[in-house]
Structures are given as C-alpha cells and as structure tokens.
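What follows is calculated from the coordinates using simple rules that are stated; it is not laboratory data. Since this is a predicted model, take the numbers as computed values, not measurements. Glycine gets a Cβ as well: all are built from the backbone with ideal geometry, and neighbour counts include every protein chain shown.
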Amino acid sequence: MLDKKPFQRLPKSVLPVNYNIRLKPNLTEFTFKGEETVELEVTTSTREIILNSVDIVISKAVLSVEGKDVGSSEIKYIPEEEKAILVFGEDIPVGKSHLRLDFTGELNDKMKGFYRSKYATPDGEERFCAVTQFEATDARRAFPCWDEPALKATFDITLVVPKQKVALSNMRGENPRSQSALIIIFDHDNLSERDEDKPDPSDDSLKVVTYARTPIMSTYLLAFVVGDFDYVEGKSDDGVLVRVYTPLQKKEQGKFALEVAKKRFRSTELLYIAYLLPKIDLIAIPDFAAGAMENWGLLRTEMFNQHDRGVNSRVQVLGNGHCVARKETALLVDPKHSSASSKQWVALVVGHELAHQWFGNLVTMEWWTHLWLNEGFASWIEYLCVDNCFPDYDIWTQFTTQDYTRALVSDALLSSHPIEVPVGHPDEIDEIFDLISYCKGSSIIRMLHDFIGDESFRKGMHAYLNKHKYKNTFTEDLWAALGEASGKPIERIMTTWTKQMGFPVLAVSAEQKGTSRVLKITQTKFNANGPLEGDTSSWMVPISIATSANPSEAAVKVVLDIMDIDFVFPLLFSSQIQLNPGTVGFYRTHYSSEMLESLLPGIRDQSLPARDRLGIITDLFALAKAGQANTVEVLKVMEAYENETNYTVWTEITNNLDVLASLLSATNYGRLLQEFTKNLCSKVYKKVGWTPAEKEGHLDAMLRALILRVLGKNNHKDVVAEARNSSKLMLGGRADIGRSQNGRLRYGADTRRRSTFDEMLKLFKVQDLHEEKERIMRTLGNVKDEKLIKRVLDFAISDDVRSQDSVFVLGGACGGKLGQELVWKFTQEKWSLLSSRYQGGFLLSRLVSSQWMFLASISTGSSQ
C-alpha cells in the first residue's frame, strides 16, 4: 500500500485580501449559483493559483492584472486534498490582481458547508431554509477560497433570495438608513416589507440583500441564513443592536436569550475590550450538527437542542453504558415548560458563543493545533459571565462537575492527548473538538487565573487582545502577555500543562514532629488504569493549602516544580489541612487515611465549602476506580454526605453510584447498592419532594429532578408509585409533560408494554416544544423488550426524528446489555446510511462513543 501523501497547507505565493461574493440559493432544487471576485496579493510570481474547493464546479476563472484579463487555461481538482488549481498561460506578476470566478454547488443535507434544513410553519407547511456551517474547513463547500484560519481577509456578501424570506449574514446592511441587521427585513407582524427592499431586476419574486464589509477575519467565521423567522430585539448598554431570531410565532421564547446576551456583552467588555461590530444576531437553526457556532456578528444554535460540547461535546457516558447527552434548548426558553436546567444551558451557550467574539473571532489561532485558545477560553468565560448575571446559579460549583471533573476523567486515559496537538490534514481537525480542548483548556485557564490573581490576569488579557486584534496567534503569545503582566514564569509553568498529556496525583500525608506538623506532598502521573512503571512525567503544579481556620482561602500557595516537597505547620495552626481549596488545581489529591478521616466532620456539618466536599468524593472515587483506593472506603465516606443539600455535590455522588450500579448489576450486590442509594438519598428526598415550593431557587428545582431520577431508577416505592399515576394522566392526554413531570414519565411509564410504547409515540408527535419531544425520546430509551428496542432503533432513523437527534435516540437505548448488543448490530447494519448522513462529523463519533462500554466488553471477552 502506498503511503498517504503528507498534508501541505496552501502556498503563500497568492493571498486573499478581499472577497466580493454573490450567492443565489435555490430552495426548490437545492442548488446555488455563485460569483466572486477576490482581490489578491501575489507575493511570488506564479502561473498557478491553488485554493480550497469541495463539491464546487467552477465554470469560469478570469484573472485581471493591471486592467488586463487573463482566462485560465486549465482548472484542475484534487478531491483528496480538497483543492482546486487554476492554471494560467502566463506568469502572474507580484502585486495586486483580481480573480473572478463563476461556480455552482449543492445545498446539501449533510449539515456542513452551505446546506438545507427542513422545518414546518405554524400551519404545518413543510419548508426549507438555507444555512451554513463552515468550522472547521467547510467554507470551501460554499465558495472557492483560502480556507485556513491564518489566511484572513474581508468579505463583501450579497444574497439573492425569495423576497418573503429573512436573509442574515455577519454584518448589517449597507444602507445607512437601515437600523436593522439587514437591508431587508420581512415584517411578519404586519406582513409588509420595509422601504429598504431592493428587488432583483431579473426576477420580481427575488430580492437582493447586500451587507457591509466585514472586518478582517477567517473564512470559517462567515455565515448566511435564509428562511422564515421572527425576532425580538434590544440594545446593550453601549448601543450594540442585539436580536434573537426564532421560529415563526415563537418570539416569546427568545426573550430570555435576549436578556442574557445584553447582560453578557457588558460583563465581557468590562473584562477586556469593547465589542467592535455594530450588531449581534442570535438565531435558532432547525438542523445544526455543531450545536452552536460563534460566527462573528451572527451566533447560531440548534433550534431545538444543544448537544453537549466537547464534541461544542458534553456527552457523558455513565458506567452503565448509557449515553446521556444533554440535549436541552440551546436558545429558546418556554416560560411554562422549559426546565431550570434548560434555562441555565441557554445562559451558558450564549455566554460561550459571545466569548468567541473576542477569543477566536477578534484574535484567532494561527492553526488548529492551537484550537484550545478559542475553546478553552470560551468555556471558561461562559461560567464567568453566568456567575456575573445569575449568582444564584452557583455556577462555579457546577463547573467542577461539568468541565473540570470530566476533563480529569478523559485526560487520565491512555488515549488522551496534549492540549496542543499537531494537526495536519483537515480530516484530523474534528478529532480535537473534544473534552481536552474544551474542558481541560478551561480548567487550566481557571487554575492560572487563580494562581496569578484577577488583576494580573485582566491586565495580561487586555494587552493580549489589543496587541493581536484582527491577527492570528500561537499559545506562546498568550503566555508572554500573562507573564509580563504577572511577573511570573508563565510559559515555563504552563508548557508542562499544554504540551504533555495527563496530570498528576498528589499523595499527601501529615506527620507530627515536636510542636510542628510536617505535610509531605509527592507527585506522580495519574492514570485511570493505575500507575505505569517507569513513567517519570512531572508538572509545575500551583498548589494551594487551606486549614480549618479558614477553609475557603489558601494559607499557603507555592509551585511544586519537583517530584516531592515538605511543608512545616505549627501544630496549633490547624487540626485539619486540606489541599486544593475550591477544587481549582488540575490534579487529584490522595490523602492518607488519617487526613481523610479528619475531613469527614466538615462534610457532615457542611462547614467545608461545597466545592471542597465535591472535590474530596470526586478524587476518592477516581482513585478507587484506578485501584489506588478501596471502594468500601468510598462508600463509608459517602455516608458522611447524608445531610448534603447542594445540587452539584449530589450530581457527582449520583454519577459515581451509577458507575457502581453498572458494575454490580449482574451480581448479588446490585440490590444491596440500591438500598444503600435509597437510604443515602432519604433526607434530601424529604426536603425536595415532588411539588415545587413557592418561589424556590433555581438549584432547588434541579436538585429535585436529580433526586427523583436517582430514586426512580433505583425503584424507590413511593417515587415509582407517584410516577406511575402521573404518567397515566400524561399518556392519556390529561396532563402536560411539563418541566416538573419528566421523572414521572420516565420512571412511571411501563415501557415493557407495547400499548404504552404506542401511546408515547403518539404523544411525541403532537408535542410542539422540542424539549418535551426530547423527554419522550429519553423515556423510549428505557424499553427492555427486544421487539420494542428494535422499534426504537427504527424510530431513530425515521422521518419523525431529526438527523441531529437520531444518534441520541440510538445512544439512549444502550442502557442495558441487550440494548447495547442490538444498537451495535443496528449501527453495523445501517453504517452506510449513517456514514453518508453525517460524513465522519461530530454526530457519528458521538454514536460510537455511546457504545464504548459494550465495545470494550467485546474486546476483553467479558461479554461472553
């Protein structure tokens, strides 16, 4: 077999300066016509122009040099390299020139490039919209271009579209009289077009929409949307026009995102520098595999749900093999039916994508190797902004489970990779849109912020953004700015975290010596499978140590730059010593038995802060899984949490119990663990109950949903009885599913019966809010009968389920061994269909991820 040709980036002999692009999508034939004129800077005389192009047919290529037109003598395509080569009959001189191209393409159904998306109007009419998704390398599917992040240019966009449609792009319309995001807006309230309309002279059913020139930016940040939408609008404190576009007649569902966006602008600008565009649009798209996308001036999310990121993917694979993908509303919030967790998710998604307007858009990584500069920062800032807007969410405690802990789990695997990983061919780029780039990236930024302090961090980031705005950067540019601001050796410290995979576990023990207590700390690399012999990896670890005198603040801060270190404390200074207060440092802590025992009273009476109670159980359970701690000891420590009332701490405890339940499900100990779980949750169940209290807090609602899920899953008698009574009413159409009803349906519906299954499908089809459809899809995954599981699998790829949801319905059926076997067989049988539908993108990898435990059991032979 011949070796694969090494990937080569585009040559720098010809560079784009400005694109003037005119596109005419056909929403009936699903094609588009395009014309573009690219202003070029020729740096080295050449007869060839090499640029990116995929599934585009270039019909004409003419080069204009000093007023002289030269047609191409040949147009060659290299499909495997996603390139087109334009050959000219004479040398192109150094200097300015202009390239004119005519081309055609397909509005594909692959959710990449310039594609079509199906939706229904309020009266049920089926329609299509034309939308884009260009990250990482799919702008080349919409127009021939230099599709690399460092090859920035400005863009002049013109769209020719049906006159009744809304047409959006990154910028506002050129007409200075227009105060909208467009020259042309179709007003759905009074069904009249505004006077900015500019009809197409060749076809009175079309209009021509021209947008102002963009800033200098990368191709992957360009966007177009053509379809039917309503919107709500407002202005940020400094006058930026903010609009949220929604499906027709659903403007009310966009108001929460609008308020979040307006607040976010102010909180982000206070951190660094002002937003530099005149408007920002947020729009919900029907079919959108990426979940959300930060196109400059035009943020886009899935119309219905946001699949967890860390591919932008927070898919949790619990110990029972059940893929739990958080598929909640990404932009739209229904005041009556949307859950507390959905509102929170909208706030986080909006914050994440708005953060990208600075980190990614204004300053862009030079190449995809440095993707984490985009995603790590946006993932950290989203929490910063939510905390600023909604302090009652206690969002930094939730960060510990949603980003920090999951990054630790992923990075402890032998299959992990460094944050900065060399990327070559575009096929490799999707592989790094993962928990390492997003969650580990945000976690080490949080650790660094804590280490150098907020003032130095803000000063450094302000300098970084101002120095590099409209340009491209390497990770070293960031370290230089923060190092200068803080006076600390940031590059030397942080390189140990970004250029090698993994992280340390710090073994901690204390010994009394006279009137002092000596704390000994030793670092080794932590591996999920236990220590690796001969591994001498080490990190420069920012360590914080707190005592019972003030458990919320560090008494000592130091950088551990060797394998071990001793600290000496006066004996009376503290009877309780704790590492990593706030669970900020990106490492595991392995306490000696004596030190762990001294922390238990603080867990029982909750005098230890929630993030510390969370960190203790997280680390201990991970150590047990790696064979470095005893599982019995884990359960004994868990008993200290019986008075726990914090939602996020309970999230971690229940996730760990789910893993144990999976391991013990086929043994005699499975039922004993169920009883242990019910006893542990008994006090908090009495507190939260089934009925929301008047004016209860945001986290109280989330805690109730969590505890009812756990008790329902573990067959708590009262919970299951209540769920069954309520599910009968819902399936009979006498009660809404509603945000507080999810557990009732999921654990009350008798999914063993075919009649119940049919009732759920009927209920699914009549739901208007997709969040409720998603709750039903989760319930369908609970079926245990082989015939019903097969019906779930067929349902997953039917016309009733959107392509973006299919893989999550399939993953939901992986909750038991039979389901895992059937889903894997179904995946193999339908691989051609699934591969064609998703073409190796994010969703396909998520489907395989949902079945990882079953595949692992096959490889080890444990399924026999």
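Miscellaneous remarks
- Rounded to whole Hz, the Karplus (6.51, -1.76, 1.60) HN-Hα couplings of region 661-670, x for glycine and proline: 4, 5, 5, 9, 4, 9, 10, 6, 8, x
- Annotation: amide H of Leu51 within the under-5 Å range of Ala84, Leu86, sequence separation 5 or more or interchain, hydrogens built in the peptide plane.
- As a calculated quantity, the FRET efficiency between Ser836 and Asn18 at R0 = 35 Å, using C-beta atoms, amounts to about 0.45.
- Computed on region 364-498, with alpha-carbon pairs under 8 angstrom and 6+ residues apart, the relative contact order is 32 percent.
- For region 641-651, backbone phi angles converted through the Karplus equation (6.51, -1.76, 1.60; θ = phi - 60°) give residue-by-residue couplings of 9, 5, 9, 4, 10, 8, 4, 5, 4, 5, 4 Hz, Gly and Pro being listed as x.
- Cβ-to-Cβ counts within 10 Å put Lys525, Lys279 in ascending order as Lys525, Lys279, the fewest first.
- Sorting 665-671, 546-552 by average packing, meaning the other beta carbons within 10 Å per residue, from highest down gives 546-552, 665-671.
- Ordered by the count of other Cβ atoms within 10 Å of each Cβ, fewest first, Val518, Val505 give Val518, Val505.
- Inter-part distance where region 20-79 and region 476-543 are each reduced to a Cα centre, Å: 52 Å
- Here the spin labels are modelled as points 7 Å beyond Cα on the Cα-Cβ line, and at Lys336 and Gln828 they lie 4.8 nm apart.
- Cβ-derived FRET efficiency at R0 25 Å, Lys695 paired with Glu252, nearest 0.05: 0.70
- Between region 217-242 and region 93-149, the C-alpha centres lie 18 angstrom from each other.
- Remark on Leu298: its backbone amide H falls under 5 Å from those of Asp281, a criterion applied only to residues 5 or more positions apart or on other chains, H modelled at 1.01 Å from N.
- Working from label points 7 Å from Cα in the Cα-to-Cβ sense, the Thr46 to Arg604 distance is 7.3 nm.
- Leading residue at positive end of dipole, region 345-476 (Cβ point charges), from Val363, Val349, Gly424: Val363
- Region 399-497: C-alpha gyration tensor shape, a/c 1.5 cut-off, then a/b vs b/c: oblate
- Computed label-point distance, nm, for sites Lys762 and Glu476 using a 7 Å Cα→Cβ extension: 6.8 nm
- A Förster distance of 35 Å, applied to the separation of the beta-carbon atoms of Lys467 and Ser552, puts the FRET efficiency at 0.45.
- Subset of Lys235/Lys343; Lys5/Lys825; Lys110/Lys336; Lys263/Lys343 violating a 23 Å alpha-carbon distance limit: Lys5/Lys825; Lys110/Lys336
- Computed on region 329-380, with alpha-carbon pairs under 8 angstrom and 6+ residues apart, the relative contact order is 31 percent.
- For Lys683, a cut-off of 26 angstrom between C-alpha atoms picks up these lysines, skipping any fewer than 8 places away in its own chain: Lys636, Lys695, Lys713, Lys717.
- Available extension along the chain between Ala120 and Ser205 is 28.5 nm, counting 0.36 nm per residue and deducting the alpha carbon span.
- Couplings 3J(HN,Hα) of region 486-498, computed from phi: 9, x, 10, x, 4, 4, 5, 6, 6, 4, 5, 9, 9 Hz, in residue order, whole Hz [Karplus 6.51 cos²θ - 1.76 cosθ + 1.60, θ = phi - 60°; x for Gly and Pro].
- Panel order for Trp345, Trp372, Trp690, by other beta carbons found within 10 Å of each beta carbon, from fewest to most: Trp690, Trp345, Trp372.
- Electrostatic bookkeeping for Gln576 treats Lys and Arg as +1 and Asp and Glu as -1; over the other residues with beta carbon under 12 Å from its beta carbon, the sum is -2.
- Under 5 Å from the amide H of Ala223 lie the amide H atoms of Asn170, each residue being 5 or more positions distant or on a separate chain, with H modelled from the backbone and absent for Pro and chain starts.
- Across region 14-221, the relative contact order, built from alpha-carbon pairs under 8 Å that are at least six residues apart, equals 21 percent.
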